[in-house]
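Notes to accompany the following structure.
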Amino acid sequence: MVRMSAQERRTSVVRAAMREFARGGYDGTSTESIARRAGVSQPYLFRLFPGKRAIFLAATSRCLGDIAALFAEAARGLTGEEALRAMSNAYTRVIVKEPDRLRLQMQVYVAVAAAEAAGDPAFGEAVRAQWMEVWETVEAQLGGDPGATTAFMAYGMLVNVLVCTGFPAGHPLWSRLPVEGPPGATARALPG
């Protein structure tokens, strides 16, 4: 059996944490469940990360970083509406195929809101910095247009809500949106 390096184990723990936090949220996920899913002991988990918060922030960073990379790759070499559509379609495919990615995003928003309400702005600051990377990636792909970026992100959040609440691909609402829904849904042309 080949031993994993500490970095490989860390990556494995982050992947496991993404799944666990996606399903249980910050408060509902134990470090024990993360360690079990990653196949490591809890003491080893705490050698890799100083605590649950650091694990959550690493999972958040990976999730949002993956989204930024997805957008950049999807829009590579494209501009305007083509870039917009490519990013929208790539994102929709990923969240339908890998729903834990979307669930984790939703859990991140809840965790930040809870931390802020409890008087802990540092937690949100770290997440907002990561989220700004997503925004800036989209804005760069759309030629620096803040209006197009705002519209893209707003439609993206709408798609998040529709997917999270289980609107099926055949539901008539998908055909009313200027974004592509899950496979099998139809969409109107994006505003351009």
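The values are calculated or read from the model by the stated rules, or taken from the named source; none is laboratory data. Everything numeric here is computed off the predicted structure, so don't read it as measured data. Neighbour counts are summed over all protein chains in view; Cβ atoms, including those assigned to glycine, are modelled from backbone coordinates with ideal geometry. These area figures cover heavy atoms from the full protein model, side chains too; ligands, DNA and RNA do not enter into them. Shrake-Rupley method; radii C 1.70, N 1.55, O 1.52, S 1.80 Å.
Tabulated results
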{"read-out": "Matching entry among Val179, Val163, Val159 (being part of a helix (DSSP H, G or I), open to solvent by less than 70 Å² (accessible area, probe 1.4 Å), modelled with pLDDT under 90 and more than 30 Å from Ala54 (Cβ to Cβ))", "value": "Val159"}
{"read-out": "Matching residues in the range 29-69 - criterion: being farther than 27 Å from Met132 by Cβ, modelled with pLDDT of 95 or more and not in a helix (DSSP H, G or I)", "value": "Ser30"}
{"read-out": "Cβ pairs under 7 Å, 6+ apart, first in the range 19-30 and within 14 Å of Asp100 (Cβ to Cβ) and touching a residue at least 60 places away in the same chain (Cβ under 8 Å), second open to solvent by less than 10 Å² (accessible area, probe 1.4 Å) and assigned to a loop (DSSP other than H, G, I, E, B)", "value": "Phe21/Thr29"}
{"read-out": "Residue within the range 130-145 that is farther than 23 Å from Arg9 by Cβ, surrounded by 15 or more Cβ atoms within 10 Å (Cβ to Cβ) and of a type in the set (Ser, Thr, Tyr) present", "value": "yes"}
